[in-house]
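Notes for the one structure printed next.
The values are calculated or read from the model by the stated rules, or taken from the named source; none is laboratory data. Bear in mind the structure is a predicted one, so any value in this text is a computation, not a measurement. Using ideal geometry, Cβ is built from the backbone for each residue, glycine included, and neighbour counts are taken over all protein chains shown.
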Amino acid sequence: MKKIVLSLCAIVTLYACNSTPEGFSIEGTITGELENGTQIFLKKPVDRKAPVDIDTTTIENGKFTFVGVQDSPEIHYIAFEKIGGFIPVVLENGKIVLEVQKDSIAFAEVKGTLQNDLFGDYLEKSRALSGRVLSMQSDMRVAQSNNDTATMNSLRDEYFELQEEAKNYELSYIKENPNALISALLIDKALSTKALPEDEVKVLFEALTPEIKATTTGKSLADKFEKNAKTSIGAKAPNFSAPTPTGEKLALNDALGKVTIVDFWAAWCRPCRAENPNVVKVYHKYHEKGLNILGVSLDKKAEDWIKAIQDDGLVWNHVSNVDYFDEIAELYNVNAIPATFILDENGVIVARNLRGPELEAKIAELLQ
C-alpha cells in the first residue's frame with residue numbers, strides 16, 4: 001500500500017511540475033507612503049474607449065495581489081487610487097511580479113512570466129532610444145536659441161537617423177520575437193499608421209506563432225487583413241446604408257454615379273476640413289460628367305455633422321450613424337480619417353486615399 005501511495009504522489013508531483021499554470025497571480029510591491037486600504041484597479045482596454053475595471057484590491061503594508069484565470073495573453077493596466085498614470089502588464093497565467101515606486105509609476109518593473117519578460121526587454125531598449133531623442137531635442141532647442149545653424153543642421157540629420165534606428169529596432173524585434181505579444185501590437189501599429197506597405201506587414205504577421213495569432217490582438221489583425229482585402233483596389237466596395245441628415249436611409253448602391261467618392265470624414269477632423277474645399281471644387285467641376293460623392297461622417301453629435309456640411313458647402317449625399325468609428329468604418333477598416341475610396345460605375349474600388357491634385361487627376365482620368 002505504501003508503494004502505491006508513493007507512486008501516486010510521484011505522479012501528482014510530476015504533473016504539477018510539467019503542467020502549465022491554471023491561473024495568474026499578480027503580486028505587487030509599492031514603495032512610498034500609501035495608506036493601507038488604498039485601492040488598486042486592474043483594467044482591461046476597450047477598443048477606442050477608456051479601459052474598464054475588471055477587478056479591484058487594496059494595499060496592505062505596501063503589498064497587493066490580484067488572482068484569476070486568463071485564456072490568452074493580453075495587455076491590461078494597473079492603476080492606483082489618487083495617483084496619476086498606469087502600468088501596462090501582460091495578463092497571462094503564471095506568477096507575475098510587479099515592483100513600483102509611488103513617484104515613478106511609468107518605470108515600474110513587471111516580470112515573472114514569458115510575455116512580461118519579453119515586454120520588459122522591449123521597453124528597456126525602447127526607453128533608451130526615447131532618452132536619446134529627448135536629449136537631442138533639448139540640444140536642438142539650445143542651438144536654435146543661439147541661432148547656431150550649423151549645429152541645428154547636424155542635429156537634424158542625427159535626429160532623422162535616430163528615427164530610422166527606432167523604426168529598424170521595432171522591425172528587428174518583431175522578426176526576432178515571433179512569440180511575443182508586443183510583436184503583434186507593433187505589427188498592429190505599423191498597419192494602422194501605414195509605416196510599412198501592407199504586404200510587408202502581412203509577412204510579419206504570418207511569421208507570428210500560433211499562440212500569438214490566437215490572442216485578441218492576433219485575431220484582430222487577421223480580421224483587419226481580411227477586411228483590407230475586401231476593400232483593396234479591384235474589390236467590389238461593400239454595400240452599406242445609414243441615415244441621411246434628414247433621417248432617411250440611403251445605401252451606397254443607390255448613390256453610385258459613373259465615378260463615386262466614398263469620403264470618410266468628421267466635423268472634428270481638421271485634415272478633413274482642410275481638404276473639403278478641394279473636394280468641393282472637384283465635385284462642382286465633374287458632377288455633371290458623372291461624379292457622385294457619398295460622405296460618411298464619423299461624428300458623435302448630429303448637430304456638429306450638419307453644421308459642418310453647411311459651413312463647408314458639401315452639397316452631395318451624406319450619411320452617418322453619429323457613432324464615431326462605427327460599423328461602416330469597421331466594414332471598410334477605417335481607423336483614421338480622412339479616408340477615401342474611389343469607385344467606378346460598377347462599385348469596384350479603383351483608387352484609395354487620394355487628395356489635392358492627385359484626387360482631381362484621377363477623377364479626370366476616369367471621366368474622360
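Among the candidates 121, 71, single out the residue that is surrounded by fewer than 14 Cβ atoms within 10 Å (Cβ to Cβ) and free of Cβ contacts under 8 Å to residues at least 60 places away in the same chain. Only one candidate qualifies: 71. Among the residues making up region 158-207, those that are under 22 Å from residue 76 (Cα atoms), of a type in the set (D, E, K, R) and in contact with a helix residue (DSSP H, G or I) (Cβ under 7 Å, 6 or more places away or on another chain) are 170, 188. Which residues, counting only those in region 69-93, are at positive phi and more than 21 Å from the chain's Cα centre (by Cα)? Once the filter is applied, which keeps residues that are at positive phi and more than 21 Å from the chain's Cα centre (by Cα), region 69-93 yields only 82. Taking region 106-141 as the range and being under 30 Å from residue 22 (Cβ atoms), assigned to a helix (DSSP H, G or I) and aliphatic (A, V, I, L, M) as the test, the residues that pass are 114, 118, 123. Figure legend. Inter-residue proximity from region 129-148: first residues in the same structural domain as residue 166 (by TED's automatic domain parsing), second residues of a type in the set (Ser, Thr, Tyr), beta-carbon distance below 6 Å, spacing 6+ or different chains. Indicated pairs: 136/159; 143/151.
Of the residues making up region 41-89, just one is touching an Asp or Glu at 6+ places or on another chain (Cβ under 7 Å) and of a type in the set (Lys, Arg), namely 43. Out of all the residues in region 326-335, is one or more of a type in the set (S, T, N, Q), out of contact with any Gly (no Cβ under 9 Å at 6 or more places or on another chain), surrounded by 14 or more Cβ atoms within 10 Å (Cβ to Cβ) and touching a residue at least 12 places away in the same chain (Cβ under 8 Å)? Yes, region 326-335 contains at least one residue that is of a type in the set (S, T, N, Q), out of contact with any Gly (no Cβ under 9 Å at 6 or more places or on another chain), surrounded by 14 or more Cβ atoms within 10 Å (Cβ to Cβ) and touching a residue at least 12 places away in the same chain (Cβ under 8 Å).
Kindly indicate whether residue 275 is of a type in the set (Asp, Glu), surrounded by 14 or more Cβ atoms within 10 Å (Cβ to Cβ) and in contact with a helix residue (DSSP H, G or I) (Cβ under 6 Å, 6 or more places away or on another chain). Judged against the criteria, residue 275 is not a match.
To keep it simple, each residue is scored yes or no on (1) assigned to a helix (DSSP H, G or I); (2) in the same structural domain as residue 29 (by TED's automatic domain parsing); (3) exposed (fewer than 12 other Cβ atoms within 10 Å of the Cβ).
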{"residue": "82", "(1), (2), (3)": "no, yes, yes"}
{"residue": "95", "(1), (2), (3)": "no, yes, no"}
{"residue": "150", "(1), (2), (3)": "yes, no, yes"}
{"residue": "156", "(1), (2), (3)": "yes, no, no"}
{"residue": "159", "(1), (2), (3)": "yes, no, no"}
{"residue": "164", "(1), (2), (3)": "yes, no, yes"}
{"residue": "167", "(1), (2), (3)": "yes, no, no"}
